[in-house]
Amino acid sequence: MTSAPDYGRAFGRWRAQAPAWGAYTQHAFVEGLRTGALPHANFLHYLRQDYIFLIHFSRAWALAAAKSETLAELRAASGTVHALAHVEMPLHVELCARAGIDAAELEATEEAPANLAYTRYVLEAGYSGDFLDLMAALAPCVLGYGEIGARLAGSGGAYAPWCDTYGGAEYQGLCRDVGTLIDSALLHRLGPDWVASPRMARLGARFATATRLEVGFWDMGLAGA
């Protein structure tokens with residue numbers, strides 16, 4: 001496993017304890033993006049599914065805003081919703097438009113089972129749990145894409161816009177902000193010795209489950225439509 005980027009203390013611990021982290025961040029789909037060997041049809045299939053995923057992901061971050069307990073948490077969660085709606089989703093629209101898939105067709109995409117499983121797991125974490133449960137379930141996507149993007153940025157080739165978006169300064173800054181948010185939320189709710197809290201095992205398990213679902217999402221992309 002490659003060294004962890006500095007996205008906060010909790011991320012480093014959860015990442016090290018998630019057995020599927022390497023399978024997620026160095027998946028064959030990811031390597032295909034890096035080398036340019038991924039068939040374009042598979043990339044478009046992934047983009048369409050990921051666009052629908054981001055709709056649910058934005059709702060989950062909006063739920064995090066509703067469950068926030070501090071102004072800093074509210075601002076961070078709402079800021080992430082803004083980044084998803086105004087940075088990530090427009091990228092998907094732009095890339096699909098270049099391939100002749102307009103916005104209406106993109107929004108009409110039928111969710112694949114792997115997409116349903118992942119998005120509903122994250123939303124359920126928020127409905128049945130608290131802000132920390134949501135953060136643990138959301139973190140693998142936000143921070144995993146940051147780690148992947150940092151490694152793939154500058155690769156060039158057909159998938160350079162995707163790689164450079166997630167490896168770019170704006171997204172990397174978002175990852176650091178989310179990592180700080182998670183650490184601050186743990187401190188606020190569990191106290192200065194939050195590492196030793198019994199809740200950390202459950203939160204780590206949520207992070208690990210979401211990581212496994214990320215692997216399933218890449219598997220879906222690699223399999224194609």
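Among the candidates Ala150, Ala136, Ala158, single out the residue that is aliphatic (A, V, I, L, M), in contact (Cβ under 8 Å) with a residue 60 or more places away in the chain and in a loop (DSSP other than H, G, I, E, B). Sole residue among the options that is aliphatic (A, V, I, L, M), in contact (Cβ under 8 Å) with a residue 60 or more places away in the chain and in a loop (DSSP other than H, G, I, E, B): Ala158.
Condition test on Glu73, is it among the acidic types (Asp, Glu) and either crowded, with 17+ Cβ neighbours inside 10 Å or within 26 Å of Gly221 (Cβ to Cβ) (or both)? Judged against the criteria, Glu73 is a match.
Count of the range 106-122 residues, restricted to those that are surrounded by 12 or more Cβ atoms within 10 Å (Cβ to Cβ) and farther than 26 Å from Thr209 by Cα, is 2.
With respect to the stated conditions, Ala66 is more than 17 Å from Asp219 (Cβ to Cβ), surrounded by fewer than 19 Cβ atoms within 10 Å (Cβ to Cβ) and not basic (Lys, Arg).
Of Gly167, Gly191, all but one fail to be of a type in the set (Gly, Ala, Ser) and either touching a strand residue (DSSP E or B) at 6+ places or on another chain (Cβ under 7 Å) or surrounded by fewer than 17 Cβ atoms within 10 Å (Cβ to Cβ) (or both); the exception is Gly191. Could you tell me whether Ala16 is without any contact (Cβ under 8 Å) to a residue 24 or more places away in the chain, over 16 Å from the mean Cα position of the chain (by Cα) and not in a loop (DSSP other than H, G, I, E, B)? The answer is yes for Ala16. Does Thr209 satisfy the criteria of being of a type in the set (S, T, N, Q) and farther than 27 Å from Ala99 by Cα? Against the criterion (of a type in the set (S, T, N, Q) and farther than 27 Å from Ala99 by Cα), Thr209 qualifies. Considered as a group, the residues in the range 34-57 that are charged (D, E, K, R) and under 30 Å from Ser78 (Cβ atoms) include one that is surrounded by the fewest Cβ atoms within 10 Å (Cβ to Cβ), and that residue is Asp50.
State all residues of the range 1-33 that are surrounded by fewer than 18 Cβ atoms within 10 Å (Cβ to Cβ), at pLDDT 95 or above and of a type in the set (D, E, K, R); if no residue qualifies, say none. The answer is Arg9, Arg13, Glu31. Considering only residues that are of a type in the set (A, V, I, L, M) and touching a Lys or Arg at 6+ places or on another chain (Cβ under 8 Å), look in the range 194-225 and name the one that is surrounded by the fewest Cβ atoms within 10 Å (Cβ to Cβ). Step by step, filter the range 194-225, then rank; the result is Val195.
When the range 161-191 is filtered for residues that are free of Cβ contacts under 8 Å to residues at least 40 places away in the same chain and of a type in the set (D, E, K, R), only Asp164 remains. Kindly indicate whether any position in the range 207-224 is of a type in the set (S, T, N, Q), part of a helix (DSSP H, G or I), touching a helix residue (DSSP H, G or I) at 6+ places or on another chain (Cβ under 9 Å) and touching a residue at least 12 places away in the same chain (Cβ under 8 Å). The answer is yes, given that some residue of the range 207-224 is of a type in the set (S, T, N, Q), part of a helix (DSSP H, G or I), touching a helix residue (DSSP H, G or I) at 6+ places or on another chain (Cβ under 9 Å) and touching a residue at least 12 places away in the same chain (Cβ under 8 Å).
The values are calculated or read from the model by the stated rules, or taken from the named source; none is laboratory data. Computed from a predicted structure; not experimentally measured. Please note: Cβ atoms are built from the backbone with ideal geometry, for glycine as well, and neighbour counts cover all protein chains shown.
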